Structures are given as structure tokens and as C-alpha cells.
1. Inside the stretch A:33-54, can you point out the residues that are among the hydrophobic types (A, V, I, L, M, F, W, C), more than 14 Å from chain B (Cβ to nearest Cβ), more than 10 Å from DNA strand D (Cβ to nearest atom) and open to solvent by 30 Å² or more (accessible area, probe 1.4 Å)?
2. For the stretch B:1-22, name all the residues that are within 19 Å of B:Q71 (Cα to Cα), surrounded by fewer than 17 Cβ atoms within 10 Å (Cβ to Cβ) and within 13 Å of DNA strand C (Cβ to nearest atom).
3. State all residues of the stretch B:94-114 that are closer than 24 Å to A:K127 by Cα and within 7 Å of chain A (Cβ to nearest Cβ); if no residue qualifies, say none.
4. What helices (runs of 4 or more DSSP H) lie completely within the stretch B:18-132 and have 2 or more residues being at pLDDT 95 or above?
2 protein chains.
Amino acid sequence: MEKQHNLSKNQKIIFDLIDKSPEPLKAYSILFNVQKKGINAPLQVYRALDKLVEIGKIHKIESRNAFIACQNSSCQISKATAFSICESCEKVSEISNTKLSKYLSNFADESGMKYSKYNLEFFGLCKKCKSK
Amino acid sequence: MEKQHNLSKNQKIIFDLIDKSPEPLKAYSILFNVQKKGINAPLQVYRALDKLVEIGKIHKIESRNAFIACQNSSCQISKATAFSICESCEKVSEISNTKLSKYLSNFADESGMKYSKYNLEFFGLCKKCKSK
DNA sequence: TAACACTATGTAATAATATAACATTTACAA
DNA sequence: TTGTAAATGTTATATTATTACATAGTGTTA
């Protein structure tokens, strides 16, 4: 059984917004969207985002500085993430492919480093954009 | 034979700085370092960085907003990059592992997307930091 | 329940990262 | 030599993220 994280008020407001969004959201776009709910300052947003990332409810798309809800119930708490990103329409999806995650989680090279975490971003054209 | 890219003056100044650095450099730290050479504005730095990334002479470490010189002569012009990052000392190395790059370059999932590019960042503790 | 530690919140200011808009110059191929 | 693409220079501004400080809520345990 996974640890239950009871989200606080701000965390819940921000998670719900991200979770409903069909696309990754940026911090300041989140801020504008939640100002009517009493969240007024960037720091309030960033603090909630940090926490949500930490507990694995959302992920940061590093190449886009944007956040999406975790789509992967078996996600190892943000320790192993992979995304596909369409460079034309900017659609982002989380990839959950057991082979891929096994391969990467077990990856080791000659450096002697033991990797505890990874983030992978694939880029290309999605089906729709390819056929245009 | 690979295409020869003759770097312009600013590109060369900035590439040389990054290439000599043992660690990834951030754009504004680059700016401060090259001001004595007549590069005065952020945009001049970002333009050179963009070009250098485009032609594969440097890579951006997305999770750190920093840039390192390409260590991998066989690197497919920035289309396929992998890095190891120590979360303690922040040492970053480019991983050049044929198996890994083949595996990822050929990766395909059910989405129907054909990936033309990827970026992978591994995190952990390097040998030194592990033994502390 | 009082004391404590921990997490979360609120607010203002500012730091760090990146781009827009516009004018000019250089490199080089047709 | 003229046309075009690439590069440069400069100012201003947009976007992303953190520091510093004060306060309030939550849950544990003595």
C-alpha cells in the first residue's frame, strides 16, 4: 500500500487544475488561474508544485518548464519518468512502458555511479502533426 | 565526412569557455566571463548558445539550465543525448553508451509517434560523493 | 492540555533565466 | 555587385524561480 498524502488546501487547488488540463501548465499560467481562489503569489504556486512533484502527483517537463499530472499509477514516485513531446503541437504524454523503465532503472555504466532516478524526454511529431 | 561549421567570433569565444570548463556553465555566468571580450548582452550569449546547441558542439542540461561541451565525437548532432548528474557535487558527464543510444534511438511505443530526438538525464551519487 | 516539531501559508522584494523588437554589419554564393 | 542568409549590437522587457521574514495550522507526545 502506498503512503497516502493528504493534500493541503493550496496543493489540492493546484493539483486539480493541472489534473484537469489536457496540456502541461506553466507556473505563472497556474498562478493566473488560481488567483480567484486566493493564491496570490508565485511562491505559493512554486511551493505547492515542489511538494506535488516530490510526492509524485505531478511531473515537471524540464524542456518546457511545465507541469503535468502523473498518468501512471505505478509510477515510482517521480524517480523514473519518460515523456513523448510533439515538437509541432506541443502535446505531451507520459510513456509507461515496462521494458523501457526496467531497462533504464537497471542501467549502469563504467562510471561506477548508481543511478537512483532518471528523466527521459522523447521528441518528434505526433500522428496528427505528421499527417499534415 | 561531417559538415564543417566555422564558428563566428562570438560563437568561438563562448564555445572555448564552455569547452575549457570542468562543469556545466549557466548563461549568465558565461555572460560575466565574456564581458571583457566585448560581449555585453544576454542575447548575444543566448544566440551563440542556440547555434552551438543546434550544431551539436554543446548540449543543454535541461534540469540545470546549464551548458556543457559535447564529449562524444560520434554524437548525432544533439539528437540523442544522455547525461549522468551527481545530486551532491553536481558533476555532470555525458554518457556515450552504444547499447543505450541504439535502444533509445529505436524506441517506439503504441502512440504511433516516431521519435527523432531524445534527452535523458540520470541522477544519483557519484563515486566520490557515495563514499563520503 | 501544554509544549513541541513540522508543515503549510502569506507577503514583499528580488534574483535568475530568456526573448522581442529593431538597426546594422559581415560572409559568401549567384 | 548584388542578393541573401547569418551574425552582431543594443535596449527593453518577459518569464521563471528564490530569499527572507512573519504567521498559522496539524499532529504527536509528555
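1. None - no residue of the stretch A:33-54 is among the hydrophobic types (A, V, I, L, M, F, W, C), more than 14 Å from chain B (Cβ to nearest Cβ), more than 10 Å from DNA strand D (Cβ to nearest atom) and open to solvent by 30 Å² or more (accessible area, probe 1.4 Å), so the list stays empty.
2. Of everything in the stretch B:1-22, those that are within 19 Å of B:Q71 (Cα to Cα), surrounded by fewer than 17 Cβ atoms within 10 Å (Cβ to Cβ) and within 13 Å of DNA strand C (Cβ to nearest atom) turn out to be B:K3, B:Q4, B:H5, B:N6, B:L7, B:K12.
3. B:Y103, B:F107, B:D109, B:S111, B:G112, B:M113, B:K114, listed by residue number.
4. Filter on the stretch B:18-132 gives B:27-34, B:42-54, B:98-105.
The values are calculated or read from the model by the stated rules, or taken from the named source; none is laboratory data. Just so it is clear, the model here is predicted, and its values are computed rather than measured. Reconstructed Cβ throughout: ideal geometry from the backbone, glycine too, with neighbour counts over all protein chains shown. Ligands, DNA and RNA are stripped out before the accessible areas are found, and what is left, the full protein with its side chains, is counted by its heavy atoms. Shrake-Rupley method; radii C 1.70, N 1.55, O 1.52, S 1.80 Å.
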